[in-house]
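Structure record follows, encoded as structure tokens.
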Amino acid sequence: MPGKFLLSASILSADFSRLGEQIREAEQAGVDWIHIDVMDGHFVPNLTMGPFIVEACRRVTNLPLDIHLMVQSPELFLESFASAGASSLSVHVENAPNLHRTLQKIRELGCNVGVVLNPGTPASQVEPVLHLVDLVLVMSVNPGYSGQTFLPEVLPKIAVIQKWLDASHAPTWIEIDGGMNTQTLPQAFSAGVRVFVAATSIFKHPQGISTGVESLRHCLPGA
Ligand code: DX5
Ligand code: ZN
């Protein structure tokens, strides 16, 4: 890990008329992953991107593509996203009745395996599958839109998951998604998060993408 944590830039807030350019700018500014939010208008009240966009992103960057699936029946789409160039596929625990099978399928496809919890979902829901995943993505807003306010009540849950991972010496990452900025990132870092998704703070930073990335990179006390 270059530095103390990874930044996953969510293109949901990018200017889609210049998507390739914006991804390259984020890459040059030093983000570690590109986060792609897939929404179906059913599991969440918004429609966004599918495998075509993932394939287009794959052509403009070599960074890992971190795919966040907010769709009903995510198991139906795993192969298309893997073929499009996904590096990791994360599925919501609220939305995967055959969760073990779905996670195993992601592993078989050669992608990193992620499980996601909404803010209202307790940590206990992911405990049975922790040994099957590379990352636990904790939502710190209700999924559907960028630009929402961080919900600090998810922090105790993160600390619980971190304790379980420490106890089993698992190298699993905890990733957080929603409302990350220079004030909220340090709070989540203290709870154990090491991968930070950010859309607004990067792509809508008033001084541009590079300043957005720089500000997040140096926001820990003493950094
Ligand atoms: C929300 C998405 C997030 C979103 C984050 O459902 O999963 O990835 O892009 O946006 P910000 O960083 O603006 O909260
Ligand atoms: Zn996301």
Would you point out the residue of the stretch 11-67, among those that are within 12 Å of ligand 2 (Cβ to nearest atom), assigned to a helix (DSSP H, G or I) and hydrophobic (A, V, I, L, M, F, W, C), that is surrounded by the fewest Cβ atoms within 10 Å (Cβ to Cβ)?
Leu12
Please specify each residue of the stretch 166-182 satisfying the condition of being within 13 Å of ligand 1 (Cβ to nearest atom) and over 17 Å from the mean Cα position of the chain (by Cα).
Thr182
Can you tell me how many residues within the stretch 104-122 are farther than 17 Å from Gly178 by Cα and either modelled with pLDDT under 95 or crowded, with 20+ Cβ neighbours inside 10 Å (or both)?
3
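Does the stretch 95-112 contain at least one residue that is more than 27 Å from Ala82 (Cα to Cα) and within 16 Å of ligand 2 (Cβ to nearest atom)?
Of all residues in the stretch 95-112, those more than 27 Å from Ala82 (Cα to Cα) come to none.
Taking every residue of the stretch 95-112 in turn, none turns out to be more than 27 Å from Ala82 (Cα to Cα) and within 16 Å of ligand 2 (Cβ to nearest atom).
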Residues of the stretch 186-199 being without any contact (Cβ under 8 Å) to a residue 40 or more places away in the chain and among the aliphatic types (A, V, I, L, M), which ones?
Ala191
Any idea how many residues of the stretch 68-101 are crowded, with 20+ Cβ neighbours inside 10 Å and at positive phi?
0
Quick check, is Ser13 more than 12 Å from ligand 1 (Cβ to nearest atom), modelled with pLDDT of 95 or more and hydroxyl-bearing (Ser, Thr, Tyr)?
no
Examine the stretch 152-165 for a residue that is within 10 Å of ligand 1 (Cβ to nearest atom) and at negative phi, and state whether such a residue exists.
no
In this structure, does Glu175 turn out to be within 16 Å of ligand 2 (Cβ to nearest atom) and either surrounded by fewer than 18 Cβ atoms within 10 Å (Cβ to Cβ) or not in a loop (DSSP other than H, G, I, E, B) (or both)?
yes
List pairs: first residue in the stretch 1-20 and on the phi > 0 side of the Ramachandran plot, second residue part of a loop (DSSP other than H, G, I, E, B) and modelled with pLDDT under 95 anywhere in the structure, Cβ distance under 9 angstrom, at least six positions apart or on different chains.
Gly3/Ala223
Pick from the stretch 192-208, criterion part of a loop (DSSP other than H, G, I, E, B) and away from ligand 2 (no atom under 13 Å from the Cβ), ranking: surrounded by the fewest Cβ atoms within 10 Å (Cβ to Cβ):
Pro206
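The values are calculated or read from the model by the stated rules, or taken from the named source; none is laboratory data. This is a predicted model, so every value here is computed, not measured. Reconstructed Cβ throughout: ideal geometry from the backbone, glycine too, with neighbour counts over all protein chains shown.
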